[in-house]
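Quick note: the coordinates plus some simple rules give every number you see, no bench work behind them. Everything numeric here is computed off the predicted structure, so don't read it as measured data. Here the Cβ positions follow ideal geometry from the backbone for every residue, glycine too, while neighbour counts run over all protein chains shown.
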Amino acid sequence: MDTTVQVIQKENSFLSEVAQASGEKIQACFQCQKCSAGCPIAYAMDILPNQVLRHIQYGHREKILSSKTIWICASCYTCSVRCPNEIDIAKIMDVLRSLAIRSGIEAGEKDVPLFHSVFLNTIKSKGRIHELSLILGFKSKTRDFFKDAGLGWKMFRKGKIKLLPSRWGGGKEIQEIFKPVERFQKKT
Ligand code: SF4
Ligand code: SF4
């Protein structure tokens, strides 16, 4: 015979989906709010980490996958280490971002997934981060060329932004790292 938790999970496909993909016991959250109290980015979120857990328990798929929170989360793992029930909330945020992309739901912070994509393309092509390529790639997509221009110039003058990427020799290894991810993306 099913336990109450199993019955709830069967009736709530979003909860099952996130629980299965993350391997986390989301039903164990009892809303102590320790995760949100320690989150350094909570002030900028539209839904606090403890509330994310509650919405998942209630099956509010659209609300969570279109939230700003899942894109603002910095994956710092503070919440995960503070949770008395050992729920890895940062891992759940990863799963939510992945589900949002696969579901085609417009991100609550639309520039963040774009930044992730440009960042990964820079790593893939150059093997390490090259700030100027990253900035140019990002600006060419957003078309917002002057935002933060003053800051960029200051960084350039202090030598924080190099004109040319540094040399590296790990191209083959980097391509190997990306291959399973690309295979997974093609399947989904
Ligand atoms: S992993 Fe995300 S939700 Fe958790 S404390 Fe860090 S920024 Fe906040
Ligand atoms: S710290 Fe853990 S149990 Fe407490 S509200 Fe956050 S996820 Fe739930």
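Brief remarks on what is shown
- Only helical runs count toward this figure. For the chain, summing -39,500 (n - 2.57) over DSSP H runs of n ≥ 4 and dividing by all residues gives -18000 deg cm²/dmol at 222 nm.
- Efficiency of FRET from Cβ geometry, Ala74 and Arg157, R₀ 41 Å, rounded to 0.05: 0.90
- Positive end of the dipole of the chain (Cβ unit charges, origin at the Cα centre): among Leu53, Gln20, Leu65, the Cα lying farthest that way belongs to Leu65.
- Summarising the label geometry, the points placed 7 Å from Cα in the beta-carbon direction at Ala37 and Glu131 lie 3.8 nm from one another.
- Label positions at Arg167 and Ala149, each projected 7 Å from the Cα along the C-beta direction, are separated by 3.5 nm.
- Nearest-ten-degree value, helix 89-103 long axis tilted from longest Cα axis of the chain: 80
- The residues neighbouring Leu164, those whose beta-carbon lies less than 13 Å from its own, together hold a net charge of +3 under the Lys/Arg +1, Asp/Glu -1 convention.
- Dipole of the chain, positive direction: furthest Cα of Cys35, Tyr77, Thr122, with charges on the beta-carbon: Thr122
- With both labels modelled 7 Å from their Cα along Cα-to-Cβ, the Ser16 to Glu86 distance reads 2.6 nm.
- Average Cα contact separation per residue, the chain, under 8 Å, 6 or more apart, as relative contact order %: 16
- Axis angle, to the nearest 10 degrees, between helix 49-58 and the longest C-alpha principal axis of the chain: 50 degrees.
- Placing +1 on the Cβ of every Lys and Arg and -1 on the Cβ of every Asp and Glu, with nothing else charged, gives the range 1-160 a dipole about its Cα centre of roughly 880 debye.
- Fully extending the segment from Ser140 to Glu106, taken as 0.36 nm per residue of separation minus the present Cα-Cα distance, adds 10.2 nm.
- Going from the fewest other Cβ atoms within 10 Å to the most, the residues Met155, Met93 appear in the order Met155, Met93.
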